[in-house]
Amino acid sequence: MSSRNHYVYDEDQCRFIRVDYDKKERYFHTFSIWLVTGVVFACIGLAALSSHVGTPAELALAAENRALTSQLEVTKESILDLEHQVRGIAERDDKMYRSVLGLDPVSLEEREPGIGGADIYSEFDLYSKDTSELLKWTASRLDNLERRINVQKLSFTEIQQFYNENQERLRHIPAIRPVNGLLLSGFGMRTHPVFNYKRMHDGIDFRADIGTELFATGDGVVKYASRNGNYGNLLVIDHGFGFETRFAHISAFAEGIRVGTKVTRGELVAYSGNTGLTNGPHLHYEIHLNGEPVNPLHYLFADVTPEEYLMYQEIAESNPNSMD
């Protein structure tokens, strides 16, 4: 371009006249043309790039949205875990606290309250489909979780009120573990270790070496303390209000324990052993209510955490055998 001649039209002379630039002007003119051309093409390129990729601000916003979506996915897992924990607390509440105290269980309709209409979370529709669905799911589950927690709080308040009004009765309910040992076998149909056939197992078995201390699980009076067939040495405590506990296969009774002795919850009453028909040293523990055996696992609410209760429940459900 710099080597070509340049002309201008002279109207007075009605002809083109060549324009002569000196070398400096020619270089400046050429540079200006290339500069303008470069700027134009750069603007066109940036416009095309921004329309397909986005501006720096848009790119930063997109990265931020990806990070928020990822965090929502993590929150989703936390919500599912919390729901599982609340479900476990509700199950323990109905099977242990309310059942033992004679309170009606909270209905499923109350524990799983519904939410509003389909458009209650329509505010999230302005986002992309995936983000909108995730936000709706999160908001819905959080609202439901909040309602279930409120229902559980009301249930615990009712239990607290019942406790305050019935403290005498509650001192007699067998509500603690009789021994500090791991659960071996649960309540219900179990295969007998000696007879090798299934029959009703009226109690639960705890691991306990010979001579391990055993404790009264509620206030009461000793009803029986002697030898009794396959039970071996048997201790029976009458707690009143229809409750009775049985400690089987014990090696010895604690000092002063005889028929008519008054005991209190947590008091040492006997020592575990291997008397009677057993498959090894352990404690066989029963609770009878109004003459019928009931699942003692539901009565360990005074000193068992929700995690321990779930562990005991899993052991009881998974082991088909008993120790006696």
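None of the figures in this text is laboratory data; all of them are computed from the coordinates on show. Predicted model only: the values in this text are computed from it and were never measured. Cβ: placed from backbone, ideal geometry, glycine included. Neighbour counts: every protein chain shown.
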_Nearest-20 debye value, the stretch 166-324 charge dipole, Cβ charges on Lys, Arg, Asp, Glu_ = 420 debye
*Which FRET efficiency, nearest 0.05, do GLN161 and ALA63 yield, Cβ-Cβ r, R0 56 Å?*
0.55
*asked:* With an 8 Å Cα cut-off and a minimum separation of 6 or more residues, compute the relative contact order for the stretch 85-165 in percent.
replied: 35 percent
*So what's the stretch 183-318 giving for Cα Rg divided by 2.2 N^0.38 Å, two decimals?*
1.00
*Over the Cα atoms of the chain, what Rg and Dmax result, in angstrom?*
40.7, 143
*CD proxy at 222 nm, helix term only [per DSSP H run n ≥ 4: -39500 (n - 2.57); per residue of the chain; nearest 500]*: -13500 deg cm²/dmol
*Which residue, ALA175, ALA270, ALA139, has the most motion in a Gaussian network model of the chain that connects Cα atoms within less than 10 Å?*
ALA139
_Sites excluded, trypsin sites (Lys or Arg not before Pro) in DSSP loops with at most 14 other C-beta within 10 Å, longest stretch of the chain_ = 5-257
*Do you know the relative contact order of the chain, to the nearest whole percent, from alpha carbon pairs under 8 angstrom that are 6+ apart?*
16 percent
_If I stretch the segment between SER128 and ARG141 completely, what's the gain in nm (0.36 nm per residue apart, minus their alpha carbon distance), one decimal?_
2.7 nm
*Mind checking the stretch 162-209 for chymotrypsin sites (Phe, Trp or Tyr not before Pro) that DSSP puts in a loop (not H, G, I, E or B) and that have at most 12 other Cβ atoms within 10 Å?*
PHE195, TYR197
*Please name whichever of HIS282, GLY240, ILE257 sits farthest to the positive end of the charge dipole of the stretch 226-292, dipole taken about the Cα centre and charges placed at Cβ: Lys and Arg +1, Asp and Glu -1.*
ILE257
*asked:* When the expected Rg is taken as 2.2 N^0.38 Å, what fraction or multiple of it is the alpha-carbon Rg of the stretch 85-165?
replied: 1.44
